[in-house]
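Some notes on the structure that comes next.
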């Protein structure tokens, strides 16, 4: 899939909003890349207070242990993580799935970005787990690139899409904490 294909898909199917048809090289780049799209980070974050809990259990609501922060950048404590969200809203077509990887600039600073695949017919803002593996605090920036999405187009439509399954993270509007069911 070429960058031209991604531009045509995004515009025709309104797959990404806002959408940048070219690479924006302001700070850490975002927008269309060679075979994907570099999504950018919004200014909404949730910072974990690790002193207030003995463990992280993905089956429990831990939102009270996170502080909501709206900022142009955020410092991630050493060996910790924050949750952020994409600036872009995505609507993935039924014949597409995405894989997400972190940006090399952040990887070189000890930052690991984790986003699960965007399944066929998933839509929403992506909740992004941003881990700092460095022994010192690291800063990430809103409005700049955070991760690259690679789009894979299927030869056939899937039998059951994320929308068909009524996925629990469908159409999320903000940072969404883990849900057990």
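Descriptive notes on the structure:
- Between the Cα long axis of helix 3-12 and the first principal axis of the chain there is an angle of about 90°, rounded to the nearest 10.
- Note: relative contact order over the chain, using C-alpha pairs below 8 Å and six or more positions apart, is 27 percent.
- Virtual paramagnetic centre 7 Å along Cα→Cβ of residue 53, amide N under 17 Å, in the range 146-181: 175-181
- Expected 222 nm ellipticity per residue - DSSP helices of 4 or more, -39500 (n - 2.57), all of the chain, to 500: -2000 deg cm²/dmol
- Tensor-based shape of the chain (alpha-carbon gyration tensor, a/c under 1.5 rounded, otherwise prolate or oblate): oblate
- Pairwise label distance in nanometres, residue 157 with residue 95, each label 7 Å out on the Cα-Cβ vector: 1.0 nm
- Size-normalised alpha-carbon gyration radius of the range 118-181, reference 2.2 N^0.38 Å: 1.45
No value in this document is a laboratory result; all are computed from the given coordinates. Small disclaimer: the values here were computed from a predicted structure and weren't measured. Glycine also receives a Cβ, built like all others from the backbone with ideal geometry; neighbour counts cover every protein chain displayed.
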